[in-house]
Amino acid sequence: MDFSHIDLGIEPKVEGFFDPASNTISYVVEDPATNYCAIIDSVLDIDYAAGRISYESADELIKVIKSRNLSLEWIIETHVHADHLSAAPYIQDKIGGKIGVGSRITEVQDTFGKVFNEGTDFQRDGSQFDALFEDGDTYKIGEMTGFTFATPGHTPACMVHVIGNAAFAGDTLFMPDGGSARADFPGGDAGELYDSIQRVLSLPDELRLFICHDYGPGDREVAWETTVGEQKAKNIHVGGGKSREDFIALRTERDAQLAMPKLIIPSLQVNMRAGEIPQDDEGKSVFKVPINRL
């Protein structure tokens, strides 16, 4: 893999925003040399029981960007999340930015288009997004170069985004004491996830690594920044040179004990549409609940 686009001498300003309802961390990433920035993994608030959408988390990101007179270039989705809804189109409508995701989103759309019995009006070509990233693509945030790094296994479209001396891991890796993401959703694969993690661990040890979820194992405070070197040495699922076979056995056993995320049904329907809420024939926002399909 060509890592020539990684410039450890560039240190973007990274600010994390924790959503306690879904244990998600969203990021505002600023170019230190210009007023350009990106948002990674935004959150749309939902009271699922009441069927109510709100925008407090997204508005906090927008407020920060406006208060610093920043210009939003990108709204990045590291993958199609199953535990929270994306606020990408809401943010784009307010302050601009292009919405980007991994090109294998088409596989996710095909899989879950069938699960949710979507009709022909639902396009499965990724056209809902402004950019579909291939492995090794680059993009600009001001003078910084973003570098896309495909990490399938949790989902087919997962990507790590490397920007200067910072990498955004999505769900591929958690904090070292949290391990790794599950691999039992449709399209997931534990062996593929192990291979992807090994690619991440081949990145420079000093690279800062920002994760998308943290659950505070052992009652520690929520955290979201680590390094590649720390993951390589201490990650409880892959650190210390654990074998592919051991990881697959561990991941398979653990996944069999996990409940489905509480927001998986609305999250998948929204996120495979780049954050748009599906509508019925009358143009009203609505979610489908597939029975015995997940």
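Other residues with beta-carbon under 13 Å from the beta-carbon of Gln128 carry, at +1 per Lys or Arg and -1 per Asp or Glu, a net charge of -3. Of all DSSP bridge pairs formed entirely within the chain, close to 70 percent run antiparallel. Panel order for Tyr139, Tyr215, by other beta carbons found within 10 Å of each beta carbon, from fewest to most: Tyr215, Tyr139. Counted by neighbouring Cβ atoms within 10 Å, the residues Asp130, Asp280, Asp219 run from fewest to most as Asp219, Asp280, Asp130. Our analysis of the chain gives Rg over Rh at 0.94, with the two radii drawn from alpha carbon positions and Rh computed by the Kirkwood formula. Taking other Cβ atoms within 10 Å as a rough exposure proxy, Thr24, Thr155, Thr145, Thr111 sort from fewest to most as Thr145, Thr111, Thr24, Thr155.
Subtracting the Cα-Cα distance of Ala49 and Thr252 from 0.36 nm times their residue separation leaves 70.0 nm of extension gain.
Which of rounded, prolate or oblate describes the stretch 27-90 when judged by the alpha-carbon gyration tensor and an a/c cut-off of 1.5? The shape class here is oblate. Under a 5 Å amide H cut-off, with hydrogens placed 1.01 Å from N, Ile141 pairs with Gly146 among residues at least 5 apart or on other chains.
Along the chain, the exposed loop sites are GluC sites (Glu not before Pro) outside DSSP states H, G, I, E and B with at most 12 other Cβ atoms within 10 Å, and the longest stretch free of them is 1-133.
Could you compute the net charge surrounding Asp255? Neighbours are other residues with a C-beta less than 10 Å from the C-beta of Asp255; K and R count +1, D and E count -1.
+1
Once a ≥ b ≥ c are taken as the square roots of the eigenvalues of the Cα gyration tensor of the stretch 32-131, is the result rounded (a/c under 1.5), prolate (a/b larger than b/c) or oblate (a/b not larger than b/c)? Verdict is oblate for the stretch 32-131.
Bear in mind these aren't lab numbers, they're just calculated from the coordinates by the rules spelled out. Quantities reported herein were computed from a predicted structural model and do not represent experimental measurements. Every residue, glycine as well, gets a Cβ built from its backbone with ideal geometry; the counts of neighbours run over all protein chains shown.
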